[in-house]
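Here is the structure we will look at, set down as structure tokens.
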């Protein structure tokens, strides 16, 4: 789904406007999936052609209210390039830390879902007990809790994200990183599903059925191949766009 060209926005490239429309759609999809925490948590996208700048939500907007023009443009040093925009300080710490450390990363998603946060407080975290978990298990890393708005946390998160793209933020929530918005969304969907089933399984009075280690290895190899495809997540992204089409106001404004 292509965004309209922005001839009436002389200070904005068509590529930036497309990125704005796609990120606004991602916020609407996040709201549709029930992954919101009122005005907290945040998603961002790096602006094409401007590697030191990214877009993030205007702090205070509910996710279903976010539009392309309401997003805040800022750089990895904390300078805001949008008039009147506000940003979440912890959000800046998280997203700038990833973008500084990962030149290949163009989208970052961060959530505080009940299932994701529930898993984040468990010492052993996710176990390879479902095919959802196997989709991210080989790419999973854990990041120890740190002061959200500190430079130390910014740097530490960048280090953690160099080891994997599906991240459990200890005592906090979940985070996914990808070169594309569809890729970050697909990773988050599978990570969230894995956390939901993990929480359910831990509440049952029975040990989970184990998966053969060789199957875990084979599934991991297949998952790596799928994630390496530049089109990873695109089919699901298009389906999600159809889900939000016509729900409330148009995000492409």
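Looking at region 227-247, which of the residues that are in a loop (DSSP other than H, G, I, E, B) and touching a helix residue (DSSP H, G or I) at 6+ places or on another chain (Cβ under 6 Å) is surrounded by the fewest Cβ atoms within 10 Å (Cβ to Cβ)? That would be 232. Annotation: of all residues in region 136-175 being out of contact with any strand residue (DSSP E or B) (no Cβ under 9 Å at 6 or more places or on another chain) and under 21 Å from residue 35 (Cα atoms), the one that is surrounded by the most Cβ atoms within 10 Å (Cβ to Cβ) is 148. If the condition is being out of contact with any helix residue (DSSP H, G or I) (no Cβ under 6 Å at 6 or more places or on another chain), touching a residue at least 60 places away in the same chain (Cβ under 8 Å) and more than 18 Å from residue 223 (Cβ to Cβ), then region 176-201 contributes only 201.
Scoring residue 150 on the criteria (1) closer than 24 Å to residue 233 by Cα; (2) at pLDDT below 95 leaves a single failure, condition (1). Determine, yes or no, whether residue 221 is assigned to a helix (DSSP H, G or I) and in contact with a strand residue (DSSP E or B) (Cβ under 8 Å, 6 or more places away or on another chain). Considered against the rule, which asks whether it is assigned to a helix (DSSP H, G or I) and in contact with a strand residue (DSSP E or B) (Cβ under 8 Å, 6 or more places away or on another chain), residue 221 comes out as no.
Apart from one condition, residue 101 fits all of (1) closer than 22 Å to residue 161 by Cβ; (2) at pLDDT below 95; (3) out of contact with any strand residue (DSSP E or B) (no Cβ under 6 Å at 6 or more places or on another chain); the exception is (2).
Taken as a whole, region 192-209 holds no residue that is at pLDDT 95 or above, in a helix (DSSP H, G or I) and either more than 22 Å from residue 116 (Cβ to Cβ) or in contact with a strand residue (DSSP E or B) (Cβ under 6 Å, 6 or more places away or on another chain) (or both).
When you check residue 120 against the structure, is it within 30 Å of residue 201 (Cβ to Cβ) and in contact with a strand residue (DSSP E or B) (Cβ under 8 Å, 6 or more places away or on another chain), yes or no?
yes
Scan region 66-81 for residues that are touching a helix residue (DSSP H, G or I) at 6+ places or on another chain (Cβ under 9 Å) and farther than 18 Å from residue 175 by Cβ and report the count. Selection size over region 66-81: 11. Restricted to region 29-100, the set of strands (runs of 3 or more DSSP E) holding at least 3 residues that are crowded, with 16+ Cβ neighbours inside 10 Å and touching a residue at least 60 places away in the same chain (Cβ under 8 Å) comprises 42-47. When residues in region 123-160 are screened for being under 27 Å from residue 211 (Cβ atoms), touching a residue at least 40 places away in the same chain (Cβ under 8 Å) and in a loop (DSSP other than H, G, I, E, B), 8 of them pass.
The values are calculated or read from the model by the stated rules, or taken from the named source; none is laboratory data. Since the structure is predicted, the reported quantities are computational estimates derived from the model, not experimental observations. Virtual Cβ from ideal backbone geometry, glycine too; neighbours counted across all protein chains shown.
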